[in-house]
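Visitor: Starting off with a structure, shown below.
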Amino acid sequence: MGELLGIPEWMVVTLWVGTALTIALVYGYWSIRRAHQRVAARRGNPSKEQFIADMMSDCTPEVSDFLWRKALFYVEPRITPHPDDDLILDLKIDDDDIGMDWPREWADQRGFHDSNLPEWPKEWPATIRNFGRWLDMGPQ
């Protein structure tokens, strides 16, 4: 292929990989932006105080504040988190972040190892509210 274009073969491969990566990144950005637009059309953007108050019946204010900060990092400035948002489907947060990083960080802040958290209840959807309930099930 490089001979047809008059460039070295390694450059053709580099251009091909670069183009594929660019397309993947643009698609990812578009997909996240579109998901956030759907969420914004479906509901309002609660303030931090509103969010914590909405979470109060299900989990502690400490967990609510922690989840507000973690989720806001991913969705700001387009939307703010809502307790009933699905972390993966609505907010498009990587499941490794919410499945590994967030529990580890919460456990570190609370002085226990994340392996002391219970298993995730399989019947629970991955909403922010349920995630808060689950984190509160850990050692106090």
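The values are calculated or read from the model by the stated rules, or taken from the named source; none is laboratory data. Note that the coordinates shown come from a computational prediction; the quantities given were computed from them, not determined experimentally. Every residue, glycine as well, gets a Cβ built from its backbone with ideal geometry; the counts of neighbours run over all protein chains shown.
Visitor: May I ask you to list the residues in region 22-79 that are part of a helix (DSSP H, G or I), among the acidic types (Asp, Glu) and within 16 Å of Thr127 (Cβ to Cβ)?
Guide: Result: Asp54, single match.
Matching residues to (1) surrounded by 11 or more Cβ atoms within 10 Å (Cβ to Cβ); (2) assigned by TED's automatic domain parsing to the domain that holds Thr127:
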residue: Met11; (1), (2): yes, no
residue: Leu15; (1), (2): yes, no
residue: Thr19; (1), (2): no, no
residue: Thr22; (1), (2): no, no
residue: Ala53; (1), (2): yes, yes
residue: Val63; (1), (2): yes, yes
residue: Val75; (1), (2): yes, yes
residue: Thr80; (1), (2): yes, yes
residue: Leu87; (1), (2): yes, yes
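Visitor: A follow-up question, please. Please indicate, with yes or no, whether at least one residue in region 69-91 is among the polar types (S, T, N, Q), at pLDDT 95 or above and on the phi < 0 side of the Ramachandran plot.
Guide: Looking for residues that are among the polar types (S, T, N, Q), at pLDDT 95 or above and on the phi < 0 side of the Ramachandran plot, one finds at least one in region 69-91, hence yes.
Visitor: Here is a further query. Being in contact (Cβ under 8 Å) with a residue 24 or more places away in the chain and of a type in the set (Lys, Arg), is that true of even one residue in region 51-69?
Guide: No, every residue in region 51-69 fails to be in contact (Cβ under 8 Å) with a residue 24 or more places away in the chain and of a type in the set (Lys, Arg).
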